[in-house]
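Trainee: There's a structure below that I have some questions on.
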Amino acid sequence: MAGFTQLFVPGPTNVPETVRQAMNMPMEDMRAPDYPTFTRALFADLQKVFRNETGRAFIFPSSGTGAWESAIINTLNPGDRVLMSRFGQFSHLWVDMAERFGLDVDVVDVEWGTGVPVEIYAEKLAADKEHRIKAVFVTHNETATGVTSDVAGVRAALDAAKHPALLFVDGVSSVGSIDFRQEEWRVDCAVSGSQKGFMLPPGLGFLSVSQRALDVAKDATKNARFYRCYFSFEDMIRANDTGYFPYTPAVQLLRGLRAALDLIAEEGLDNIFERHNRLAEGVRKAVAAWGLDLCAKEPKWHSDTVSAVLAPEGIDSNLIVKRAYEQYQTSLGVGLSKVAGRVFRIGHLGWVNEVMMCGALSATEMALRDCGVKVAPGSGVGAALEHYRLAADQAAIAKAA
Ligand SMILES: *Cc1c(COP(=O)(O)O)cnc(C)c1O
């Protein structure tokens, strides 16, 4: 088929041309004398995206899941009590991992379409006078349901209870796209991956850690009961401090990361967050104009990186996704696990702009009609176009003022 295939799954996301070209390179020596000059700047700039000023960042040749694992095995011990919540496939998988590692997991199950229950966390932390809870987990952006949670609220709950538990955040589909402030919120372990807001192919897991997490990891090493090898902080720190890695790094992806971090710095994090909000709001306007609902129950949960849309009663959302792909060369995200067949997802994160989003909405609208959903032609796309036009105007007016 002619033309581009349109990619609107919430990861892997579209890779900018400059990033792709930066990775089209002859192989290089990862032990070259000048390699540390390259890696030191890379670590420093990666940390900036997390707004982590006093800790450090690790880069693993893994997907985001590897960074989840690294956070757990380096700072905790088997049997440690942790507080988690589950409201989608990704928060579920992190719970599953914690259970498989033998942590004593207190899981709060809440309705899918809502997020981290800050009030329940606050109650549990206040009641835990003996400080048995060692870590509190937050899935910042649940990619399966398009729900963003309140990390600052969880930090406030920890502080109100004067609770020393570590704060872990899954930021795989939020860091670099939605406001995230590791230093200010005192997040101890923040996980991300290359293939979402970082605009790279899959293959790198990022773990940005606080100084406190590093101290706890050192302590945990003394009486370590988890075996640590590939994902060990200690090995990474020893090698990274010299500008190298304990094993072969993904050299091409690291060159791509350099180009992606340059793009992020050029646009500026705050402008990137604003763009994601603008693009997301246009998608939400389209969904409303179609007369459809989001999986996210209330505006406070709305995600600026992915929208999960409920298919009308009696219509299999998989058919809408399949139709968009086969007929209109457009990849939308399917519903996962509990919401399989019920939602389809539109990713609006990373290297995207207004006109690209209108393409995604056009394909969605055609596929909806093809599948028998009675939406008026142009209704959703029209609502988005108008939002984008006015929002661009307002941005220009604000800049000129
Ligand atoms: C994509 C995603 C993951 C999984 O990351 P992988 O890179 O596939 O291991 C975890 N959490 C969230 C919120 C995600 O969106």
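Trainee: Take region 384-401 and flag every residue that is out of contact with any Leu (no Cβ under 9 Å at 6 or more places or on another chain), open to solvent by less than 60 Å² (accessible area, probe 1.4 Å) and closer than 15 Å to residue 289 by Cβ.
Mentor: Correct list: 387 only.
Trainee: Please enumerate the residues belonging to region 1-32 that are farther than 15 Å from residue 260 by Cα, in contact (Cβ under 8 Å) with a residue 24 or more places away in the chain and among the charged types (D, E, K, R).
Mentor: Initially, region 1-32 is screened for residues farther than 15 Å from residue 260 by Cα, giving 1-11, 25-32.
Next, only the ones that are in contact (Cβ under 8 Å) with a residue 24 or more places away in the chain stay: 1, 3-11, 25, 27-28, 30-31.
Those that are farther than 15 Å from residue 260 by Cα, in contact (Cβ under 8 Å) with a residue 24 or more places away in the chain and among the charged types (D, E, K, R): 28, 31.
Trainee: Here is a check on your reading of the model: is residue 219 surrounded by fewer than 16 Cβ atoms within 10 Å (Cβ to Cβ) and on the phi < 0 side of the Ramachandran plot?
Mentor: On the way: surrounded by fewer than 16 Cβ atoms within 10 Å (Cβ to Cβ): yes; on the phi < 0 side of the Ramachandran plot: yes.
So residue 219 fits the description; yes.
Trainee: Do we find that residue 361 is within 15 Å of residue 7 (Cβ to Cβ), open to solvent by less than 10 Å² (accessible area, probe 1.4 Å) and not in a loop (DSSP other than H, G, I, E, B) in this structure?
Mentor: Working: within 15 Å of residue 7 (Cβ to Cβ): yes; open to solvent by less than 10 Å² (accessible area, probe 1.4 Å): yes; not in a loop (DSSP other than H, G, I, E, B): yes.
Yes, satisfied.
Trainee: From the list 95, 136, 116, 187, exactly one residue is among the β-branched types (Val, Ile, Thr), under 17 Å from residue 304 (Cβ atoms), open to solvent by less than 10 Å² (accessible area, probe 1.4 Å) and in contact (Cβ under 8 Å) with a residue 12 or more places away in the chain. Which is it? First the steps, then the outcome.
Mentor: Numbers: 95 fails: under 17 Å from residue 304 (Cβ atoms); 136 fails: under 17 Å from residue 304 (Cβ atoms); 187 fails: under 17 Å from residue 304 (Cβ atoms).
Going through 95, 136, 116, 187 in turn, the sole match is 116.
Trainee: Please go through region 1-35 and give me each residue that is closer than 27 Å to residue 303 by Cα, in a loop (DSSP other than H, G, I, E, B) and of a type in the set (S, T, N, Q), ordered by number.
Mentor: Residues satisfying the conditions are 5, 13, 14.
Trainee: Exactly one condition in (1) in contact with a helix residue (DSSP H, G or I) (Cβ under 6 Å, 6 or more places away or on another chain); (2) open to solvent by less than 10 Å² (accessible area, probe 1.4 Å) is false for residue 341; which is it?
Mentor: (2)
Trainee: Tell me, which strands (runs of 3 or more DSSP E) lie completely within region 36-136 with 2 or more residues that are within 16 Å of the ligand (Cβ to nearest atom) and touching a Leu at 6+ places or on another chain (Cβ under 9 Å)? Steps first, please.
Mentor: Details: elements: 56-60, 81-86, 104-109.
Qualifying strands (runs of 3 or more DSSP E): 56-60.
Trainee: Yes or no: region 228-235 includes at least one residue that is over 19 Å from residue 196 (Cα atoms), polar (S, T, N, Q), open to solvent by 70 Å² or more (accessible area, probe 1.4 Å) and outside the structural domain of residue 396 (by TED's automatic domain parsing). I'd like the intermediate steps shown before the answer.
Mentor: Initial filter on region 228-235 (over 19 Å from residue 196 (Cα atoms)): 228-235.
Imposing the further condition that a residue be polar (S, T, N, Q) reduces the set to 232.
Next cut, open to solvent by 70 Å² or more (accessible area, probe 1.4 Å) only: none.
Checked region 228-235: no residue is over 19 Å from residue 196 (Cα atoms), polar (S, T, N, Q), open to solvent by 70 Å² or more (accessible area, probe 1.4 Å) and outside the structural domain of residue 396 (by TED's automatic domain parsing).
Trainee: Here's a follow-up. Report yes if some residue within region 211-226 is charged (D, E, K, R) and closer than 30 Å to residue 7 by Cα; otherwise report no. Working first, answer last.
Mentor: Within region 211-226, the subset charged (D, E, K, R) is 212, 215, 218-219, 222, 225.
With the extra rule that they be closer than 30 Å to residue 7 by Cα, the set shrinks to none.
No, there is no match, as no residue in region 211-226 is charged (D, E, K, R) and closer than 30 Å to residue 7 by Cα.
Trainee: Can I ask one more? Go through the residues of region 308-321 one by one and say whether even a single one is touching a residue at least 12 places away in the same chain (Cβ under 8 Å), within 17 Å of residue 173 (Cα to Cα) and touching a Ser or Thr at 6+ places or on another chain (Cβ under 9 Å).
Mentor: Checked region 308-321: at least one residue is touching a residue at least 12 places away in the same chain (Cβ under 8 Å), within 17 Å of residue 173 (Cα to Cα) and touching a Ser or Thr at 6+ places or on another chain (Cβ under 9 Å).
Trainee: When you look at residue 187, is it in a strand (DSSP E or B) and within 16 Å of the ligand (Cβ to nearest atom), yes or no? It would help to see each step written out before you state the result.
Mentor: Numbers: in a strand (DSSP E or B): no; within 16 Å of the ligand (Cβ to nearest atom): yes.
It is false that residue 187 is in a strand (DSSP E or B) and within 16 Å of the ligand (Cβ to nearest atom).
Trainee: Here's a follow-up. Can you give me the number of residues within region 14-28 that are among the β-branched types (Val, Ile, Thr) and out of contact with any helix residue (DSSP H, G or I) (no Cβ under 6 Å at 6 or more places or on another chain)?
Mentor: To start, the set of residues in region 14-28 that are among the β-branched types (Val, Ile, Thr) comprises 15, 18-19.
So of that shortlist, the ones also out of contact with any helix residue (DSSP H, G or I) (no Cβ under 6 Å at 6 or more places or on another chain) come out as 15.
Here the count works out to 1.
Trainee: Looking at (1) free of Cβ contacts under 8 Å to residues at least 24 places away in the same chain; (2) over 27 Å from residue 388 (Cβ atoms), can you tell me which one residue 255 breaks?
Mentor: It is condition (1) that residue 255 fails.
Trainee: Considering every residue within region 260-277, establish whether at least one is more than 19 Å from the chain's Cα centre (by Cα), touching a residue at least 60 places away in the same chain (Cβ under 8 Å) and crowded, with 16+ Cβ neighbours inside 10 Å.
Mentor: Within region 260-277 (the criterion being more than 19 Å from the chain's Cα centre (by Cα), touching a residue at least 60 places away in the same chain (Cβ under 8 Å) and crowded, with 16+ Cβ neighbours inside 10 Å), the answer is no, since none of the residues qualifies.
Trainee: Shifting gears a bit: Could you list, in sequence order, all residues of region 190-216 that are open to solvent by less than 20 Å² (accessible area, probe 1.4 Å), within 11 Å of the ligand (Cβ to nearest atom) and either touching a strand residue (DSSP E or B) at 6+ places or on another chain (Cβ under 8 Å) or not assigned by TED's automatic domain parsing to the domain that holds residue 94 (or both)?
Mentor: 191, 192, 193, 194, 198, 204, 205, 206
Trainee: When you look at residue 162, is it on the phi > 0 side of the Ramachandran plot, out of contact with any His (no Cβ under 6 Å at 6 or more places or on another chain) and at pLDDT 95 or above, yes or no?
Mentor: Working: on the phi > 0 side of the Ramachandran plot: yes; out of contact with any His (no Cβ under 6 Å at 6 or more places or on another chain): yes; at pLDDT 95 or above: yes.
Yes.
Trainee: Among the candidates 296, 280, single out the residue that is open to solvent by less than 30 Å² (accessible area, probe 1.4 Å) and either over 19 Å from residue 345 (Cβ atoms) or part of a helix (DSSP H, G or I) (or both). Spell out how you get there, then give the answer.
Mentor: Values: 296 fails: either over 19 Å from residue 345 (Cβ atoms) or part of a helix (DSSP H, G or I) (or both).
After applying the criteria, what remains is 280.
Trainee: Checking the conditions here, which among 168, 245, 180 is within 15 Å of the ligand (Cβ to nearest atom), touching a residue at least 24 places away in the same chain (Cβ under 8 Å), crowded, with 21+ Cβ neighbours inside 10 Å and not in a strand (DSSP E or B)?
Mentor: Working: 168 fails: not in a strand (DSSP E or B); 245 fails: within 15 Å of the ligand (Cβ to nearest atom).
It is 180.
Trainee: Same structure again: Quick check on residue 71: is it in the same structural domain as residue 218 (by TED's automatic domain parsing) and within 25 Å of residue 250 (Cα to Cα)? Give the steps one after another, and end with the answer.
Mentor: Details: in the same structural domain as residue 218 (by TED's automatic domain parsing): yes; within 25 Å of residue 250 (Cα to Cα): yes.
Criteria met by residue 71.
The values are calculated or read from the model by the stated rules, or taken from the named source; none is laboratory data. In this text the structure is predicted, and so the values were computed from the model without any measurement. Backbone-built Cβ (ideal geometry, glycine too); neighbour counts: all protein chains shown. All accessible areas refer to the heavy atoms of the entire protein, side chains included, with ligands and DNA or RNA removed. Shrake-Rupley method; radii C 1.70, N 1.55, O 1.52, S 1.80 Å.
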